[in-house]
1. Please work out, to two decimal places, the log10 of the ratio I(q)/I(0) at q = 0.06, 0.10, 0.12 Å⁻¹ from a Debye calculation in which every Cα of the chain carries one identical scatterer.
2. Would you be so kind as to identify which of GLY88, PHE158, PRO104 lies farthest towards the positive end of the dipole of segment 79-181, taking Lys and Arg as +1 and Asp and Glu as -1 on Cβ and the Cα centre as origin?
3. Using only Cα atoms, locate the centre of segment 1-51 and the centre of segment 75-90, then give the distance between them in Å, rounded to an integer.
4. Enumerate the calculated ³J(HN,Hα) couplings along segment 245-250 in order (Karplus 6.51 cos²θ - 1.76 cosθ + 1.60, θ = phi - 60°), each rounded to whole Hz, writing x wherever the residue is Gly or Pro.
5. Is there a quick way to get the dipole size of segment 304-358? I mean about its Cα centre, with the Cβ of Lys and Arg at +1 and of Asp and Glu at -1; what is the value in debye to the nearest 20?
6. On a 22 Å Cα-Cα criterion, which of the cross-link pairs LYS199/LYS295; LYS129/LYS156; LYS54/LYS265; LYS54/LYS428; LYS109/LYS417; LYS13/LYS126 come out too long?
7. Which of SER308, SER358, GLN228 sits closest to the plus end of the dipole of the chain, meaning its Cα is farthest towards the positive end, when Lys and Arg get +1 and Asp and Glu get -1 on the C-beta?
8. State the Cα centre-to-centre distance between segment 130-163 and segment 359-394 in whole Å.
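Please treat every number below as a calculation from the coordinates, not as lab data. Since this is a predicted model, take the numbers as computed values, not measurements. Cβ placement follows ideal geometry from the backbone for every residue including glycine, while neighbour counts extend to all protein chains displayed.
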Amino acid sequence: MLFHSTRGGDKDKDFASILMQGLADDGGLFMPDHWPQVDLEKIKGLQSFVEVAKEIVPLFTASSFTQEETIKIVENTWHDFEHQDLVGIQTIENISVLELFHGPTAAFKDFGLQLAAAFFNEVLEKEDKTALVLGATSGDTGSAAIDACRSYARIKSFIMLPNGNMSEVQRRQMSTIEADNVFALRINGTFDDCQDLVKQAFIQRDFLKPDQYLLAVNSINWTRIVGQICYYFFAYNRLANHENLNFSIPTGNFGNVFACYSAFKMGLPIKTISVAVNDNDILHRFFASNDYSKKQVHETISPSMDISVASNFERLVYDFFLDRSTAKCAELFNNFPNQGIELDEATWNKKNALFSSSSVDDAATQAIIQSVNNEHHYLLDPHTAVAMQEAIEVSSSTDHYVVLATAHPAKFPDIYKKLAIDLSETPKALKGLYDKTEYLHLFDANYDQITSFINSRN
């Protein structure tokens, strides 16, 4: 299998190349040249998440790694998970909650980032090189990236986070790590400001040492998506008695949704993918009214979803709506910053075959947290609650809904204090955070200032 850009400029890349490159040179996102198909009967018979992953991951890595190399990496990737299956599944009436928060940073991003970091290190060891990780986070990406990469001496991580609009727990997870290859950069600005700085860095690359890699850790990196595809097939492994699976997914940057769509293209029997967002509703506006246009970001109680542009959406437009036309995709997304995206009606209506969407404000989010806790004694984090709202409304005895629980509630203590809900459980990943010293480097959203700091630590 080889990979190419959604905009047509980068072609015939092997897995190691797109792993280490992240974003395509033409500004597009890498995609596999075809969708491999998975033997569902075999998936049904597997005993663990890792066994499922050993079936999925090699389908994408064969151009750069042998089957044996990939399986060894997969077997040694996911560490410090508190659940024996890595993924927990809870049932609320006719809804299954897929708990993805049992990893070392208590968020779903541990799955994709630990896999990416393991492959990063494998390439760096083979080539005897070093790398810088540069990323932006609105919540959990930063802590998951830092945790995944900090044990690899060949990698230094610089993670930008907005000054505000993030729970104190999320911030402390990034800022309390004592390691000489980890740096948390607090930016006076929004997540989109941080993301713009990262994009500029990937274009200019003027601070890198010779032959040094610059690595992308957000979900523009295809390896992140591969790690996330695995838990959709694991859900099927555990829930295969349900003929009609529907997934309700809280999302910001669209990586989790696109991983679900990828699983669908690989043969997973999915009836509906529900795209659940908060007040930052660019994705809901697209699916509901064919309006994909950038608006000002609003701060909400589900901060990981507080974004104005969903990077992975380009992959869906390219594959699902445009039938893999790189020319059409390049035209749409090169012009997007100035005029937004509106598809012709016939093309846009393709969504009805697979997608639904909803936008849930803070008041409704708090209400669903309260009601699920009162009626079922189960506590949702605010992102998961956004997805639970639609699942409760549309699930039935014949249509089983799976809600992705993307973060542990203990990451957002202020919300539950306001709702007078007791947070009795604190996962190992979050214990002792308030007793540790924070190491934060504060900057304006200024490229020269930030790259000067990176140079001083590189």
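1. Log10 I(q)/I(0), no solvent term: -0.23, -0.67, -1.02.
2. Farthest towards the positive pole: PHE158.
3. Between the Cα centre of segment 1-51 and that of segment 75-90, the gap is 23 Å.
4. 9, 10, 10, 10, 10, x
5. Values: 5 positive and 8 negative charges, 32 e Å.
The dipole magnitude comes to about 160 debye.
6. Numbers: LYS199/LYS295 19 Å; LYS129/LYS156 12 Å; LYS54/LYS265 18 Å; LYS54/LYS428 27 Å; LYS109/LYS417 26 Å; LYS13/LYS126 18 Å.
Check vs 22 Å cut-off fails for LYS54/LYS428; LYS109/LYS417.
7. GLN228
8. 30 Å
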